[in-house]
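Engineer: Structure incoming, see below.
The values are calculated or read from the model by the stated rules, or taken from the named source; none is laboratory data. Note that the structure is predicted; figures quoted are calculated from it, not measured. Cβ atoms come from the backbone with ideal geometry, glycine included; neighbour counts cover every protein chain shown. Note: areas computed on protein heavy atoms with side chains; ligands, DNA, RNA excluded. Shrake-Rupley method; radii C 1.70, N 1.55, O 1.52, S 1.80 Å.
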Amino acid sequence: AQSVTQLDSHVSVSEGTPVLLRCNYSSSYSPSLFWYVQHPNKGLQLLLKYTSAATLVKGINGFEAEFKKSETSFHLTKPSAHMSDAAEYFCVSLGGFKTIFGAGTRLFVKA
Amino acid sequence: DAGVTQSPTHLIKTRGQQVTLRCSPKSGHDTVSWYQQALGQGPQFIFQYYEEEERQRGNFPDRFSGHQFPNYSSELNVNALLLGDSALYLCASSSRRELLLSTDTQYFGPGTRLTVL
């Protein structure tokens, strides 16, 4: 069965400090994995995607994620948080024509 | 190049009514998927259309139906509305060819906020 687990429902960081949003996946296939961001009352914006080309994926706005097959993880990181990063982040798995969203992680950024 | 567009942006209905939401995919995309996002939750997959046929379906009742037109645009219909149908409905478009090549990316529209009173 295919599943996505975002390990933290809320993460709070100070501006300028690193961000780590954790995601574990389970899939019978070799999935494509994505991170999307959703700002309040907005649609979903693609941050980055993994499709087996390279395990370290760089996305927009300084975000990156590393695919670790041995740990079935696809954690999202950013070296230095900005106030504008405050939003909801979703880890998404696409495998066998089926798209599964994680429950989301709300990122708070303190000044 | 226009991205994914959805209409209307907001809608208020009463219980028992019927509603139709519309989506135009990104240029070059032929596959449309619909999602329901309840407040404070992640999107839940409703169904996907390709070549004017429903290809995949999530765990939603038959009250939820859809249609895809020859120009790849799509409609989501919900009959006999319930209070619990209140949510943000998201449309995503993608390319079937890219999906088969495992390079598929879904692009999302801004959503339609449906409120059922």
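Engineer: At a 1.4 Å probe radius, carbon and sulfur cover how many percent of the accessible area of the range A:64-106?
Structural biologist: 54 percent
Engineer: Let me ask another. Chains A and B: buried accessible surface, both sides, probe 1.4 Å, rounded to 100 Å²?
Structural biologist: The buried area between A and B, both sides summed, comes to about 1500 Å².
Engineer: Which one, A:Ala54, A:Trp35, A:Gly16, projects farthest toward the positive side of the charge dipole computed for the protein assembly as shown from Cβ point charges (K/R +1, D/E -1)?
Structural biologist: Going by the Cα projections, it comes out as A:Gly16.
Engineer: If you don't mind, there's one more thing I want to ask. Output wanted: per-residue J couplings in Hz (rounded whole) for the range A:37-54, from phi through Karplus 6.51 cos²θ - 1.76 cosθ + 1.60, θ = phi - 60°, x for Gly and Pro.
Structural biologist: For the range A:37-54, the Karplus curve yields 10, 10, 7, x, 6, 10, x, 8, 10, 6, 8, 6, 9, 10, 9, 6, 6, 8 Hz.
Engineer: Give me the accessible area per residue for the range B:5-116, probe 1.4 Å, as a whole number in Å².
Structural biologist: 47 Å²
Engineer: Past the 30 Å Cα-Cα mark, which pairs from A:Lys49/B:Lys13; A:Lys69/A:Lys98; A:Lys78/A:Lys98; A:Lys42/B:Lys13; A:Lys49/B:Lys26?
Structural biologist: With Cα atoms farther than 30 Å apart: A:Lys49/B:Lys13.
Engineer: Still on this model: Within 10 Å of each Cβ in A:45-55, how many Cβ atoms from other chains are there, averaged over the peptide? Walk me through the numbers before you get to the answer.
Structural biologist: Details: counts 2, 4, 0, 0, 4, 0, 6, 2, 2, 0, 0.
The mean count of partner-chain Cβ atoms within 10 Å per residue comes to 2.
Engineer: Which one, B:Phe47, B:Phe64, B:Leu117, projects farthest toward the positive side of the charge dipole computed for chain B from Cβ point charges (K/R +1, D/E -1)?
Structural biologist: B:Leu117
Engineer: Just by accessible area at a 1.4 angstrom probe, what is the order of A:Thr77, B:Thr9 from largest to smallest?
Structural biologist: B:Thr9, A:Thr77
Engineer: Would you mind telling me the share, in percent, of accessible area of chain B contributed by carbon and sulfur at probe 1.4 angstrom?
Structural biologist: 48 percent
Engineer: Name the residue from A:Ser70, A:Gln6, B:Asn77 whose Cα lies farthest towards the positive end of the charge dipole of the protein assembly as shown, charges +1 on Cβ of Lys and Arg and -1 on Cβ of Asp and Glu.
Structural biologist: A:Gln6
Engineer: Kindly report the accessible area of chain A per residue (heavy atoms of protein chains, probe 1.4 Å, no ligands, DNA or RNA), in Å².
Structural biologist: On a per-residue basis, chain A sits at 48 Å².
Engineer: Treat every Asp and Glu Cβ in chain B as -1 and every Lys and Arg Cβ as +1, leave all other atoms uncharged, and give the resulting dipole magnitude about the Cα centre to the nearest 20 debye.
Structural biologist: My answer is approximately 380 debye.
Engineer: What's the magnitude of the charge dipole for the protein assembly as shown around its Cα centre, counting Lys and Arg as +1 and Asp and Glu as -1 at the beta-carbon? Answer in Debye, nearest 20.
Structural biologist: In debye, rounded to 20, the protein assembly as shown gives about 300.
Engineer: Quick one: which residues, 5+ away or cross-chain, put their amide H under 5 Å from the amide H of B:Thr31? H built at 1.01 Å from N.
Structural biologist: B:Ser94, B:Arg96
Engineer: Take the alpha carbon atoms of the range B:20-36, find their center, do the same for the range A:1-54, and report the distance between the two centers in whole angstrom.
Structural biologist: 22 Å
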